[in-house]
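Down below is the structure, laid out as structure tokens.
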Amino acid sequence: MKNHIIKIISLISIMVIAYSCHKDLEIPNTNDPDLEIVISTPAGISSLSKSTFYNWYMTVTSSISPRMAMWVMADQGTCSWANSGMYHLSLEPRIGFNNNTSYTYASIFEAYYQDLYSTLFIANNTIKAVNAGISIGEDGEENEQVKAVGYFIQGISLGYIGLVYDKAFIVDEFTENSLDVPPSDYHAILEKAIKSLDKCIEVCENNHFTISDDWVNGSTYSSSELAQLANSFAARLLVYGSRTAKQNEQIDWAKVLDYANKGIQKDLAPYMDNSNWKCWYKYYTVRPGWARIDCRIINLMDSRYPWRFPDDGSNPARAQSEDNRINTDFSFSSSNNMKPERGYYHYSNYEYTRSTYAITTHTGDIVDFSVSENDLFKAEAYVHLGNLTEAINIINEGSRVLRGGLNPLPANSNEIKVMKAIFYERDIELIQTGFGIAFFDMRRRDMLQPGTMLHFPIPAKELMVMQMPNYTFGGVENADGENTSNGGWFPNK
């Protein structure tokens, strides 16, 4: 485990000041501070604390991560290009994940794992410094703010490790001898992550502070707003951690509702300045003529539209829908420039154009966590708790009617119809917001195509360092419903 932590420490100098998530554009910083000096000074701890959200955000919005592959694995997006492992992991039928250091895109998946641990390491050290009695700001006025931010970042860093991997290592501010830390399964990781978010909430509720707008670029956060954000993320982790529909039914939905009711009242939407703040995932997935929206999504809006692109490569007619978003959020293109020899099932005539960020100036607010998502957590929780009336009210007051222009759900709608409306909104309204939403939603409904892995293994490079046996998931021959999907979404032909 010592080598594991050394690897994490070696990344900190990149992460602390100016870490670029796009490796092709990464410029080494010749003025990186010595880590030991930084974490031993009040000014250094304050600076580290301010960097943590940026580090986390740039990791989960990077193209150097599993995110783009997960998007096409969930059949919300489609792309035949091999970048970020998209082609290999969206092949039909699905094949196993190549968890070897020799794999062309091994570094893509290794980077995400390392970068989250780097951010976690910083958060742990800021908490540890405050607990050790360091005084940050005038008379220690920043101490509680730094502690709250530390617990928040600790929670979401561990959380996004637990959402993506089958197991990993839980390290926190109390970890002294990392050699004694064994790998934990995703259940334990997510449980720990939520406890960290609870600590953040507790600190925020007992203190008053304001986080400046250089933390979440362009938005200040009061202590009460940070508590709301931590509540919403806790709801996210509770819901998205499920690997199967059975696990989804076993979620403590009363707890989800409690977190969501105390959740965000404004979107988490950092401003992209096309300088330090860039969303490379968004840049690539809306790039004209490149990635497209999968036919599955358009078919939801117009049942006459094919749910899968025709095998002969012929273009379907333009979709027609009562949902206004078919015109406001999507653009039709009659041409495809993907490689037909890689399968026409990758083709699509629709691009996602709701946000102009990556298409024009590369500047603007990019929503990572919307109030709509939080509201849909409430609606889904109410359904599971037997209160269909409240769920229907939330749906009818939200994006379905306000943006989609669809008719409100009737007051006497049954559970099946209400759940269908909830997931319709999640599929249409939440596109390209938070990391992995489409994948996590398909996973927890047993709807990922057969052979799609339900989570990633620990990266091969890390397994080698830790002297652990290599393993992997995925492939239709391994569809066990535990690590690899044995479900699917294709309607009957």
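Remarks
- Formal net charge of residues neighbouring ILE45 (Cβ-Cβ distance under 12 Å; K, R +1; D, E -1): +2
- Listed residue (GLY343, ALA235, ILE431) projecting farthest to the positive dipole end of the chain, Cβ model: GLY343
- C-alpha long axis of helix 2-16 to longest principal axis of the chain, angle in °: 80
- Normalised by the number of residues in the chain, the average gap of Cα pairs under 8 Å and 6 or more apart makes the relative contact order 18 percent.
- Here segment 86-137 and segment 427-493 have alpha carbon centers that stand 17 Å from each other.
- A simple charge model with +1 on the Cβ of Lys and Arg, -1 on the Cβ of Asp and Glu and nothing else charged puts the dipole of the chain at about 1380 debye relative to its Cα centre.
- In this structure, the pairs whose alpha-carbon distance is over 20 Å, taken from LYS167/LYS278; LYS167/LYS461; LYS50/LYS262; LYS128/LYS278; LYS128/LYS199, are LYS167/LYS278; LYS50/LYS262; LYS128/LYS278.
- Exposure proxy order (Cβ contacts within 10 Å, fewest to most) of ILE153, ILE170: ILE170, ILE153
- Straight-line reach from LYS378: taking Cα to Cα under 14 Å and skipping same-chain neighbours fewer than 8 places apart, the aspartates and glutamates in range are ASP252, ASP258, GLU390, GLU397, GLU425.
- Neighbourhood charge, 13 Å Cβ-Cβ cut-off, centred on TYR87 and excluding it, Lys, Arg +1 and Asp, Glu -1: +1
- Here the chain carries DSSP beta bridges of which approximately 95% are antiparallel, counting only pairs with both residues inside.
- Qualifying aspartates and glutamates (Cα of each under 20 Å from Cα of LYS246; at least 8 residues distant if same chain): ASP166, ASP185, GLU191, GLU380, GLU415, ASP441, ASP446, ASP480, GLU482
- Rounded Å value of the spacing that divides the Cα centres of segment 184-212 and segment 287-304: 37
Read-outs: derived from the displayed coordinates by stated rules, not from any lab. Note that the coordinates shown come from a computational prediction; the quantities given were computed from them, not determined experimentally. Neighbour counts run over all protein chains shown; Cβ positions are idealised from the backbone, glycine included.
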